[in-house]
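Take a look at the structure below.
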Amino acid sequence: MTMTDVKNVIINIIKDIAPDEDVSTLDENVSLREQIDLDSMDFLDIVMELRKRHKIEVPQEDYPKLATLKSCVDYLFPKFSVS
Amino acid sequence: MKKFDAVVIGAGMSGIACALRLQSFGLNVALIEKHRVLGGLNSFFQRVKKSPTGQRLGIRQFDVGLHALTNFAKKGSRNRPLMKILRQLRIPYDSLLLKEQNYSLIHLDNRKIKFDNNIETFIKEVESFFPDQLEGFNKLVEVVKNSTLDTSDTLYVSSREKIKEFISDETLQEMIFLPVFYYGSSWEDDIDFKQFCIMFQALYLEGFSRPYGGIRTLFNILKEKMQSLNIVRMMGVAVQKIEQKLDHHILELSNGEVISTKKVFSSIGYPETQRVLGKKVNKESVGKLGFVEVQIFYNDLLEKKLPTICFYNKTKKFVYRNPDTLIDTDSAIICSPEGYDEFEGKEGILRVTFLANYKLWKELDSKQYDEKKEYVEKIARDLICEVYPEHNRKECFIDTFTPLTVEKYTSHMNGAIYGATKKFLNGDIGIKDLFLIGTDQGYLGITGSILSGISMANMNGFPTRHNP
C-alpha cells in the first residue's frame with residue numbers, strides 16, 4: 001500500500017462517519033478536529049473502523065497521532081506495510 | 001442456543017440508536033421488539049373509522065410523540081446535540097428533511113409570549129411584557145449557555161428555587177416552566193436545574209423542527225440503516241425472563257427461544273426491567289405522569305398558520321402533577337403539525353395533550369371508557385375554540401389515546417411516558433453487564449432518547465480490548 005492509498009483509507013472512513021462533511025477540501029496539515037468538528041467519540045470511531053476494515057490496532061496512547069490527515073498517514077503507513 | 005455480544009430490548013428511538021452504535025463497534029447485536037413494527041414512546045399508527053354497520057368510513061395515519069424535534073440546528077452548525085446524534089448514527093443531515101417551526105406560544109392566564117428558533121424573539125417578548133425582568137432573563141440565558149452536563153453530579157437542585165436568582169416575576173417564572181416541564185420533566189411541579197438547563201437550551205435556544213413526513217421519515221431512515229448493517233431484528237418477540245450468569249445473561253423469549261448474550265441494553269423502563277429480572281418492583285419506581293392526547297383531522301389546511309405549539313395554562317399558577325380527575329383541564333399543549341415551513345398532509349391536524357390520571361382511566365369499564373374519551377374530545381374542541389377563536393374548520397376524523405393506550409403499546413407501567421423521577425445516568429441498575437437506556441436512563445424527548453441509546457452504547461458497550 002502506498003502513502004496515497006493509506007490517505008484514501010482514512011478519507012473513506014471519515015466520509016462514512018461524517019457524511020455531511022466535504023472531505024475533498026481537507027487540509028492535511030490542519031487538525032481534523034478543527035476542520036470537521038470531530039470529537040473524541042468520533043476519533044474512537046475512526047480507530048474502530050481501522051480495526052474492523054483493516055485489522056489495524058491503535059492503542060489509546062497513540063490517539064494524538066491521528067490529529068491531522070498527514071500525521072495519520074505517517075503513523076499508519078508502517079502498520080499497513082506490515083499487514 | 002444463539003449467542004450475541006449484545007442484546008437491545010425495545011425498538012424505540014433509544015433501542016435503535018443503541019443497536020446501531022453497538023453494531024458499528026463490530027459487535028454481534030440483536031434488537032428484540034415485542035411488537036411487529038418499530039417504535040416505542042415515539043411511534044405511529046393508523047386508525048380505520050367504521051360506521052355502525054361496519055362500513056369503512058376512512059383511514060388516517062397518526063404520529064405518537066414528536067410534537068416537535070427539539071434541539072434544532074442548521075446544516076453545518078458545530079458542537080450541537082442534533083449534529084452529534086446524526087454524526088454518531090451516520091445519518092446525513094439532509095435525509096431528515098427538517099422543516100423549522102413557524103413560532104410557538106406560551107399562553108398563561110391570558111398573558112402570551114412568543115418564541116421561535118431564535119432566542120432573540122423570546123428576549124424581545126420579555127423586554128416588551130416584563131421589562132424589569134430583562135436583565136435577569138439575559139443572565140439566565142448566559143448560565144444555560146455555559147452549563148455543561150456532568151453525569152457524576154447527581155445532586156438535585158430545585159429549579160423553582162434556583163430561578164428566583166434570575167426572575168422575580170412569578171408569572172414569567174411559570175411561563176418559562178410551562179414548556180420545560182411538559183417536554184422534559186418526570187418530576188411533579190419541578191425539575192432538577194441541570195435538566196432545566198438542558199431543556200431550556202433544547203426548547204428556547206435551539207428550538208423546534210419536524211421531519212417532513214413526521215415520525216415515519218425518521219423511522220424509515222433508521223430502518224434502512226439497520227437493514228444495511230444486518231442487525232438481527234426479532235420483531236413480535238417479548239423478553240420474558242433474564243437470568244444473570246457469571247459472564248453472560250440468558251434470555252427467555254415469548255416465541256420459546258432461549259438466547260445468550262454478554263450484555264443487555266434495556267429500554268423497557270426500570271421497573272419493567274426489574275420485572276423480567278424476577279425482582280420485586282418498587283411502586284415508587286413507577287412514573288406518575290400520564291397523558292391523554294386528542295388528534296383531530298380537518299378537511300382543509302390552515303390558511304393562516306397557527307402557532308406550531310401552544311403551551312396553555314388557564315390560571316396564573318401552572319400545576320404539573322398527576323391530576324385527581326381523569327384529565328387536568330387547566331392546562332394543555334396544542335400542537336399543529338402544519339405549523340412548520342412545509343407540511344406533507346392534505347388535511348389539517350391539531351393535537352391536544354392533557355395531563356391524565358392513569359388509575360382513574362384504569363377503573364373505567366369499556367363503555368365508560370368510550371364515553372370519557374368523547375368527553376375529553378369535547379374539552380379539546382372547546383379549548384381550541386377558546387385559544388384560537390378564529391379557527392373554524394370542519395372536522396373529519398378524531399382519535400384519542402389515554403395512559404392505557406400508552407401502557408398497552410409501550411409496556412411502560414401506568415403509561416408513564418416520562419418514567420420515574422429517579423434516573424440512572426450511567427445506565428447501571430446494579431446488575432453486571434445490564435444497562436438501562438431510554439426514558440428511565442435520564443434524557444427525555446426524541447432527541448433525548450436517541451442520545452440516551454448512543455451514549456449508553458458508547459459508555460457501556462465499547463469493546464475495550466480486542467481479542468483477535
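Out of curiosity, is A:Arg33 surrounded by 15 or more Cβ atoms within 10 Å (Cβ to Cβ), within 14 Å of chain B (Cβ to nearest Cβ), in contact (Cβ under 8 Å) with a residue 24 or more places away in the chain and more than 10 Å from the chain's Cα centre (by Cα)? Give the steps one after another, and end with the answer.
Numbers: surrounded by 15 or more Cβ atoms within 10 Å (Cβ to Cβ): yes; within 14 Å of chain B (Cβ to nearest Cβ): yes; in contact (Cβ under 8 Å) with a residue 24 or more places away in the chain: yes; more than 10 Å from the chain's Cα centre (by Cα): yes.
For A:Arg33, the condition - surrounded by 15 or more Cβ atoms within 10 Å (Cβ to Cβ), within 14 Å of chain B (Cβ to nearest Cβ), in contact (Cβ under 8 Å) with a residue 24 or more places away in the chain and more than 10 Å from the chain's Cα centre (by Cα) - is met.
Being in a strand (DSSP E or B) and without any contact (Cβ under 8 Å) to a residue 60 or more places away in the chain is the filter here; which residues of region B:224-249 pass it? Before the answer, list the steps.
First pass over region B:224-249, keeping only residues in a strand (DSSP E or B): B:232-235, B:239-244, B:249.
Answer for region B:224-249, where residues must be in a strand (DSSP E or B) and without any contact (Cβ under 8 Å) to a residue 60 or more places away in the chain: B:Gln240, B:Lys241, B:Glu243.
Name the single residue that is nearest to B:Ile417 (Cα to Cα) among those in region B:40-76 being open to solvent by 30 Å² or more (accessible area, probe 1.4 Å) and not in a strand (DSSP E or B).
B:Leu41
Sort out which residues of region B:66-115 are farther than 25 Å from B:Phe45 by Cα, within 12 Å of another protein chain (Cβ to nearest Cβ) and touching a strand residue (DSSP E or B) at 6+ places or on another chain (Cβ under 7 Å), and write them in order of number.
Matches in region B:66-115: none.
Within region B:16-27, is there a residue that is away from chain A (no Cβ under 14 Å) and over 22 Å from the mean Cα position of the chain (by Cα)?
So far as region B:16-27 goes, no, none of its residues is away from chain A (no Cβ under 14 Å) and over 22 Å from the mean Cα position of the chain (by Cα).
Being in contact with a Gly (Cβ under 9 Å, 6 or more places away or on another chain), in a loop (DSSP other than H, G, I, E, B) and over 18 Å from B:Ala202 (Cβ atoms) is the filter here, so list the residues in region B:131-168 that pass it.
B:Phe166, B:Ile167, B:Ser168
How many residues does region A:1-26 contain that are free of Cβ contacts under 8 Å to residues at least 40 places away in the same chain and not in a helix (DSSP H, G or I)?
Of all residues in region A:1-26, those free of Cβ contacts under 8 Å to residues at least 40 places away in the same chain come to A:2, A:4, A:8, A:12, A:14-25.
Filter again for not in a helix (DSSP H, G or I), leaving A:2, A:18-22.
Counting residues in region A:1-26 that are free of Cβ contacts under 8 Å to residues at least 40 places away in the same chain and not in a helix (DSSP H, G or I) gives 6.
Among the charged types (D, E, K, R), free of Cβ contacts under 8 Å to residues at least 60 places away in the same chain and closer than 19 Å to B:Lys124 by Cα, is that true of B:Asp169? Lay out the reasoning, then the answer.
Values: among the charged types (D, E, K, R): yes; free of Cβ contacts under 8 Å to residues at least 60 places away in the same chain: yes; closer than 19 Å to B:Lys124 by Cα: yes.
Taking the combined requirement at face value, the residue satisfies it.
Which of the residues that make up region B:316-368 are polar (S, T, N, Q) and without any contact (Cβ under 8 Å) to a residue 40 or more places away in the chain?
The initial filter retains those residues of region B:316-368 that are polar (S, T, N, Q), namely B:322, B:325, B:329, B:331, B:336, B:353, B:357, B:366, B:368.
Residues satisfying the conditions are B:Thr325, B:Ser336, B:Ser366, B:Gln368.
Would you pick out the residues in region B:201-234 that are open to solvent by less than 50 Å² (accessible area, probe 1.4 Å) and out of contact with any Leu (no Cβ under 8 Å at 6 or more places or on another chain)?
B:Ala202, B:Leu203, B:Tyr204, B:Leu205, B:Gly207
Residues of region B:316-356 being among the polar types (S, T, N, Q), farther than 26 Å from B:Phe44 by Cβ and at pLDDT below 95, which ones?
The answer is B:Asn322, and nothing else.
Residues of region B:181-223 being in contact with a Lys or Arg (Cβ under 7 Å, 6 or more places away or on another chain), in a loop (DSSP other than H, G, I, E, B) and among the hydroxyl-bearing types (Ser, Thr, Tyr), which ones?
B:Tyr212
Please pick out the residue among B:Thr400, B:Thr421 that is open to solvent by less than 50 Å² (accessible area, probe 1.4 Å) and of a type outside the set (A, V, I, L, M, F, W, C). Before the answer, list the steps.
Numbers: B:Thr421 fails: open to solvent by less than 50 Å² (accessible area, probe 1.4 Å).
One residue alone meets the criteria, B:Thr400.
Looking at the structure I just gave you, is B:Thr273 of a type in the set (Ser, Thr, Tyr), part of a helix (DSSP H, G or I), modelled with pLDDT of 90 or more and assigned by TED's automatic domain parsing to the domain that holds B:Asn28? Explain how you work it out, then say what you get.
Numbers: of a type in the set (Ser, Thr, Tyr): yes; part of a helix (DSSP H, G or I): yes; modelled with pLDDT of 90 or more: yes; assigned by TED's automatic domain parsing to the domain that holds B:Asn28: yes.
Spelling it out, B:Thr273 is indeed of a type in the set (Ser, Thr, Tyr), part of a helix (DSSP H, G or I), modelled with pLDDT of 90 or more and assigned by TED's automatic domain parsing to the domain that holds B:Asn28.
Residues that are open to solvent by 40 Å² or more (accessible area, probe 1.4 Å) and within 30 Å of B:Gln441 (Cα to Cα): does region B:121-136 have at least one?
No, region B:121-136 has no match at all.
Of everything in region A:36-83, what is open to solvent by 70 Å² or more (accessible area, probe 1.4 Å), part of a helix (DSSP H, G or I) and within 12 Å of chain B (Cβ to nearest Cβ)? Give them in sequence order.
A:Ser40, A:Lys52, A:Arg53, A:Gln60, listed by residue number.
Mind telling me which of the residues B:Asn458, B:Asn426 ends up being surrounded by fewer than 20 Cβ atoms within 10 Å (Cβ to Cβ), within 14 Å of another protein chain (Cβ to nearest Cβ), closer than 17 Å to A:Met41 by Cβ and not β-branched (Val, Ile, Thr)?
Values: B:Asn426 fails: within 14 Å of another protein chain (Cβ to nearest Cβ).
Selected residue: B:Asn458, the only one of B:Asn458, B:Asn426 that is surrounded by fewer than 20 Cβ atoms within 10 Å (Cβ to Cβ), within 14 Å of another protein chain (Cβ to nearest Cβ), closer than 17 Å to A:Met41 by Cβ and not β-branched (Val, Ile, Thr).
The values are calculated or read from the model by the stated rules, or taken from the named source; none is laboratory data. Note that the structure is predicted; figures quoted are calculated from it, not measured. Because the Cβ atoms are built from the backbone with ideal geometry, glycine has one as well, and the counts that use them run over all protein chains shown. Areas reflect the complete protein model, heavy atoms only, side chains present, ligands, DNA and RNA absent. Shrake-Rupley method; radii C 1.70, N 1.55, O 1.52, S 1.80 Å.
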